[in-house]
Amino acid sequence: MARVHGGVLPAVDVVVIGAGQAGLSAAYWLRRRGLSFVVLDAGDRPGGAWARRSPSLGVESLHRIFDLPGMAFRPPASGAAADVVPAYFRDYELAFDLPVLRPAPVRAVTRIDDGLRVHTAAGQWDARSVINATGTWRAPYIPYYPGIADFAGRRLHYADYRGPEEFAGQRVLVVGGGNSAVHVLAELPGAYWVTRREPVFHDGEFSEDYGRQVVAQVAERVEAGLPPRSVVSVTGLGYTALAREALRRGTLVRHPMFDRLVPGGAMWGERFEPFDAVIWATGFRADLAHLAPLHLREPGGGIRMAGTRVVREPRLHLVGYGPSASTVGANRAGRDAVRSLAAVS
């Protein structure tokens, strides 16, 4: 894998920021179109966010990983997802000779007369267009709740969860209504689950057709310039292998949100429950801080989109954002972004 070095960097047609599912999909279609491009990835190895997942998450427990274009994902029957999926991404980069440079964290993107300038620690790249595919993993979200700073036990976001061993014998409060929470509940026998709203479970398969319907619902918000909803807020939770394991353990029992945290636990009115740790499985936000110089936000707080194109900056495409923040959406968005920018090149 290539590494970034200092010096003068050449101009290209397109800079892709991020080498996860969305970024690699975009790179595949750029290669097919014959456009010059480079992929800048902040990680030190292939895999995107998957390389940073808990080693306790088995590939056999995954809901579904959709194939990248042109190369099927054929996982083994078992193994850590943090190893198996990055290996697939690595093989994909090699198979299609994709120019991925890492580690190459992007500091900022700014406007120039005939395109956009991408600033990295090693120098800058000038491009006619940028496809941003930075996803969400590097922007974990923890909401404010009364007493959050007073809790004396361990506090961590799901992004930092590395398996059940470090919580042996502890009582753990798990906050959040998504698949991340279900993963933790499946592994911690003493977990106590709280959410703001009653979770909704469904029995249907998360097929590609169903995924497209979900993507369309999430897209309505970003087209209106509003912050995107999470995909799971539309799909609900499936009865995955992890959900069935949590049911078996008796931890898939939802309780209402606490009123406040206190040093030794949480309070519901005058009722106290002791906890040793709180795991915030409360999701992520789009990792877009490097785009701040472009001033893309609408009054509603979101970024108005027309397909994958940003309305305030038509030379910028966002993939892995809003409706494409899922594996099926990311693949489609990568293809659509390249089709759109090729049409105006």
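The single condition among (1) touching a Pro at 6+ places or on another chain (Cβ under 9 Å); (2) in contact (Cβ under 8 Å) with a residue 40 or more places away in the chain that His183 does not meet is (1).
Can you find, within the stretch 20-49, the residue that is modelled with the highest pLDDT among those that are crowded, with 19+ Cβ neighbours inside 10 Å and under 13 Å from Arg138 (Cβ atoms)? Checking each candidate, the answer is Asp41. Put simply, of Ala127, Ala104 the only residue that is in contact with a strand residue (DSSP E or B) (Cβ under 6 Å, 6 or more places away or on another chain), over 30 Å from Glu166 (Cα atoms) and part of a loop (DSSP other than H, G, I, E, B) is Ala104.
Reported count of residues in the stretch 26-48, each being under 17 Å from Leu318 (Cα atoms) and assigned to a helix (DSSP H, G or I), is 6. When the residues of the stretch 111-124 are filtered to those that are touching a strand residue (DSSP E or B) at 6+ places or on another chain (Cβ under 9 Å) and under 29 Å from Trp50 (Cβ atoms), which remaining residue is modelled with the lowest pLDDT? Checked the stretch 111-124; the qualifying residue modelled with the lowest pLDDT is Ala122. The number of residues in the stretch 88-101 that are touching a residue at least 12 places away in the same chain (Cβ under 8 Å), aliphatic (A, V, I, L, M) and not in a strand (DSSP E or B) comes to 2.
Among all positions in the stretch 267-281, there is no residue which is in contact with a helix residue (DSSP H, G or I) (Cβ under 9 Å, 6 or more places away or on another chain), modelled with pLDDT under 85 and either more than 22 Å from Arg128 (Cα to Cα) or not acidic (Asp, Glu) (or both). Residue selection: Val109 satisfies the criterion of being within 13 Å of Ile17 (Cα to Cα), among the β-branched types (Val, Ile, Thr), touching a helix residue (DSSP H, G or I) at 6+ places or on another chain (Cβ under 8 Å) and in a strand (DSSP E or B). Looking across the stretch 53-98 at every residue that is small (Gly, Ala, Ser) and under 26 Å from Val38 (Cα atoms), the one that is surrounded by the fewest Cβ atoms within 10 Å (Cβ to Cβ) is identified as Ala72.
The values are calculated or read from the model by the stated rules, or taken from the named source; none is laboratory data. Just so we're clear, the structure is a prediction, and the values are computed from it rather than from any experiment. All Cβ positions, even for glycine, are placed from backbone atoms using ideal geometry, and neighbour counts span all protein chains on display.
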